[in-house]
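Asker: This is the structure, below, for whatever I ask next.
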Ligand SMILES: Nc1ncnc2c1ncn2[C@@H]1O[C@H](COP(=O)(O)OP(=O)(O)O)[C@@H](O)[C@H]1O
Ligand SMILES: [Mg+2]
């Protein structure tokens, strides 16, 4: 048994539709499951907290990829939509004292509605013009979050009580571990839900709109409805990520949802691979790790060299930019494509072509 | 093959063909054969100063292959675009007739409708320049042809197991029948963008058939094909029309094909109808011969 496969064929639709089909794919899935099970116990809390943030980013990136990669609608409003999810769930949990699962579910619905509303310009605008319109929605949401007293605790940022669901409580000692399992479950569910949606009629209508909107309308796809639905569904995922972020970080402030955040998410989707759920996962991991590893690597250097320590943030930004440009130039279809190519390489080995 | 044809009597053969090859109806129009299906009356369309169509009128009857011919720029594609709602004529009416399950006659004004609403009435089409969903597989393209017959639920889709998968299987069977009909079996999982031009044209026909058309609009389905591909495509169009009863409007430049296939021909020149009739009437029409057919007929 090998971890890679050669030809594949199927004897029923069900088999063909299984998300994993070959032994190799099951084997890889098994390895991933084992890896994810031992991961939290083999790293310290600092690294586990980074992993937890990555899991939240995975949900947000999968959502954004539905919009950008699958429907072809650019959005720079990601930060704003994360904010809507975070503030909604925090307020409902903290002030209305709803149980966390309900406050999170409400946050998903609210963010989906807000996303659909701010997606309305997409009915008229495309490409750069749509980018500017979504940029406006980003700025509007952050402006409201900044100015509205209601979204603060006096002069301090809004704090969220430690998560408790019924009898279950997050404890101080087990904090990162418990969150790891919650976030892992949420991320896995999100990935599955997205993949399923994208092979159902609704998901196909998104891709039809992306590839050929005129032909899509000529075969009966309501393009208006498809675009608004895509904004709503995508924002629903993003709202979910935002709500989890609020409960995990236990404070919500507008500063975590700036345009910078929107751009990092767009980068995740591009670097991971447009129009690929797996790509969004790779992109979220990669773009979250770049700054962390960079700091890890530069801090010792900074101790020795003065100008490095002074310009640490600038260096980080520059490397960030270079990585994105590198992907756009050398592998515009992102990490997912790189992975597929390396799989093919071994699959057909030793035959090159 | 020969054994089966020897053994089966006519009736048995027909039953065999019915059960084996045709599980699904392709034609969704219940209008009686020979009755008017599409009535275009006084349609005029302008683009700025260009008069693409001037007072165009003609009638397409159920069961016909109705060809629209004319030189380049005559307004043929514009006419189809008006029917499918992509262009909105400034004047005139386009009426599609239908008969409901309860045998009630209905008339739908197409000029007022959006393209997706017209598609839902069963008007299916292919495009002069192929407009497939290039990043999707052939299967996904054809399944999109089934879109208007499928329930659209975000939550059921996310859950997949249960209703979503059942629906997928149900419609996949329809799609497989179209794949068999057009002999596309070899390309099921290929991304259509990577397929040969002639195959893409066939996929576009297939996607239109998946709508279960009441009226099929084909804009130059054989353009740019070699002789063999043309012959195949002509065969498919004839099968769809004669065996499956789908009314077809066909734009085509190859006069041999047009004369062979069509039951009726409308000739456009500079946006005006200069001839309308059976193929033998058209080839005898002096205006048409002068304007378009030249000396060869
Ligand atoms: N979208 C459009 N915008 C402007 N002019 C158009 C458009 N579509 C068609 N036309 C014009 O209308 C006329 C008829 O074109 P068309 O219907 O494509 O002709 P045909 O299909 O018979 O070759 C041409 O003069 C063409 O330039
Ligand atoms: Mg044309």
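Asker: Based solely on its DSSP helices, what 222 nm [θ] is calculated for chain A when runs of n ≥ 4 H residues each add -39,500 (n - 2.57) and the sum is averaged over all residues, nearest 500 deg cm²/dmol?
Answerer: Here the helix-only value at 222 nm equals -24000 deg cm²/dmol.
Asker: Can you work out the PRE-style zone for residue A:123? Point 7 Å along Cα to Cβ, and I want the residues of the stretch A:58-86 with backbone N under 13 Å.
Answerer: none
Asker: Between residue A:23 and residue A:188, take the C-beta separation as r, use R0 = 25 Å, and let me know the FRET efficiency to the nearest 0.05.
Answerer: Computed FRET efficiency for residue A:23 and residue A:188 comes out at 0.70.
Asker: Taking only Cα atoms and a 10 Å spring cutoff, compute GNM fluctuations for chain A and point out the largest among A:151, A:125, A:27.
Answerer: Looking only at A:151, A:125, A:27, the biggest GNM fluctuation is shown by A:27.
Asker: Can you tell me the orientation of helix B:197-209 relative to chain B, as the angle in degrees between its alpha-carbon axis and the longest Cα principal axis, to the nearest 10?
Answerer: Roughly 80 degrees between the two axes.
Asker: Hey, got the average number of other protein chain Cβ atoms within 10 angstrom for residues in A:23-33?
Answerer: Numbers: counts 0, 0, 0, 0, 0, 0, 0, 0, 0, 0, 0.
Mean number of neighbouring Cβ atoms from other chains: 0.
Asker: Spin-label point model (7 Å from Cα, Cβ direction): what's the residue B:104 to residue A:140 distance in nm?
Answerer: Here the answer is 4.3 nm between the modelled labels.
Asker: Treat each spin label as a single point 7 Å out from the Cα along the C-beta direction, and report the residue A:293 to residue A:338 distance in nm.
Answerer: Each label point lies 7 Å from its Cα, and together they span 0.8 nm.
Asker: Give the peptides B:117-123, B:163-169 in descending order of average Cβ contacts within 10 Å, highest first. Each step should come with its number before you reach the end.
Answerer: Details: B:117-123: 22.7, B:163-169: 17.0.
Per-residue mean Cβ counts within 10 Å order the peptides as B:117-123, B:163-169.
Asker: Here's something else I'd like to know. 222 nm [θ] for chain B, helices only, -39500 (n - 2.57) per DSSP H run of 4+, per residue, to 500?
Answerer: Details: 11 runs with 103 residues, N = 297.
So the calculated ellipticity at 222 nm is -10000 deg cm²/dmol.
Asker: Quick one: what do you get for chain A if you divide its Cα Rg by 2.2 N^0.38 Å?
Answerer: Values: Rg = 21.2 Å, N = 353, 2.2 N^0.38 = 20.4 Å.
Against the empirical 2.2 N^0.38 Å value, I get 1.04 for chain A.
Asker: Rank these for me by crowding, A:237, B:127, A:117, B:174, going from fewest to most other beta carbons within 10 Å. Each step should come with its number before you reach the end.
Answerer: Details: A:237 30, B:127 24, A:117 14, B:174 21.
Starting with the residue having the fewest Cβ neighbours, the order is A:117, B:174, B:127, A:237.
Asker: Then there is this: Could you order the peptides A:38-47, B:251-260 from most to least packed, using the average number of other C-beta atoms within 10 Å per residue?
Answerer: B:251-260, A:38-47
Asker: With only alpha-carbon atoms counted, please give the Rg and Dmax of chain B, in Å.
Answerer: That works out to 20.0, 66 Å for Rg and Dmax.
Asker: Related question: Taking neighbour Cβ counts within 10 Å as the exposure measure, how do B:54, A:190, A:342 sort from fewest upward?
Answerer: A:342, B:54, A:190
Asker: Residues of B:136-145, mean number of Cβ from any other protein chain within 10 Å of their own Cβ, rounded to a whole number?
Answerer: Taking the mean over all residues of the peptide, I get 4.
Asker: Let me ask something additional. How do A:343, B:290 rank when sorted from fewest to most other Cβ atoms within 10 Å of their own Cβ?
Answerer: Placing the least packed residue first, the sequence is B:290, A:343.
Asker: Moving to a separate point now. Taking the Cα centroid of the stretch B:70-84 and of the stretch B:194-262, what is the distance between the two, rounded to the nearest whole Å?
Answerer: That distance is 17 Å.
Asker: Which FRET efficiency, nearest 0.05, do residue A:36 and residue B:169 yield, Cβ-Cβ r, R0 35 Å? Please list the in-between numbers first.
Answerer: Details: r = 32 Å, r/R0 = 0.92.
FRET efficiency, residue A:36 to residue B:169: 0.60.
Asker: Right, next: Need one number: nm distance between label points at residue A:46 and residue A:310, each 7 Å from Cα along Cα→Cβ, rounded to one decimal.
Answerer: 2.6
Asker: How much length is gained on full extension from residue B:263 to residue B:183, taking 0.36 nm per residue of separation minus their Cα-Cα distance?
Answerer: The residue B:263-residue B:183 span can extend by a further 26.2 nm.
Asker: Could I ask something else about it? If you wrap a convex hull around the C-alpha atoms of the protein assembly as shown and split its volume per residue, what is the figure in Å³?
Answerer: Values: hull volume 153.6 nm³, N = 650.
Here the figure is 236 Å³ per residue.
Asker: Hey, how many Å between the Cα centroid of the stretch A:100-140 and the Cα centroid of the stretch A:159-190?
Answerer: Measuring centre to centre over Cα atoms gives 27 Å.
Asker: Could I ask something else about it? Give me a single rounded figure for B:104-117: the average over its residues of other chain Cβ atoms within 10 Å of their Cβ.
Answerer: Taking all residues of B:104-117 together, the mean is 2.
Asker: Please give the FRET efficiency for residue B:41 paired with residue B:228, using the beta carbon to beta carbon distance and R0 = 41 Å, rounded to the nearest 0.05.
Answerer: Approximately 0.55, to the nearest 0.05.
Asker: Right, next: How far is the Cα center of the stretch A:272-335 from the Cα center of the stretch A:33-96, in Å?
Answerer: 18
Asker: Counting only DSSP beta bridges with both residues in the protein assembly as shown, what percent are antiparallel, rounded to the nearest 5?
Answerer: Looking only at bridges with both residues in the protein assembly as shown, the antiparallel portion is about 65 percent.
Laboratory data are not the source of any read-out in this text; all were calculated from the coordinates shown. Remember, it's a predicted structure, so these values are computed and weren't measured experimentally. Cβ atoms come from the backbone with ideal geometry, glycine included; neighbour counts cover every protein chain shown.
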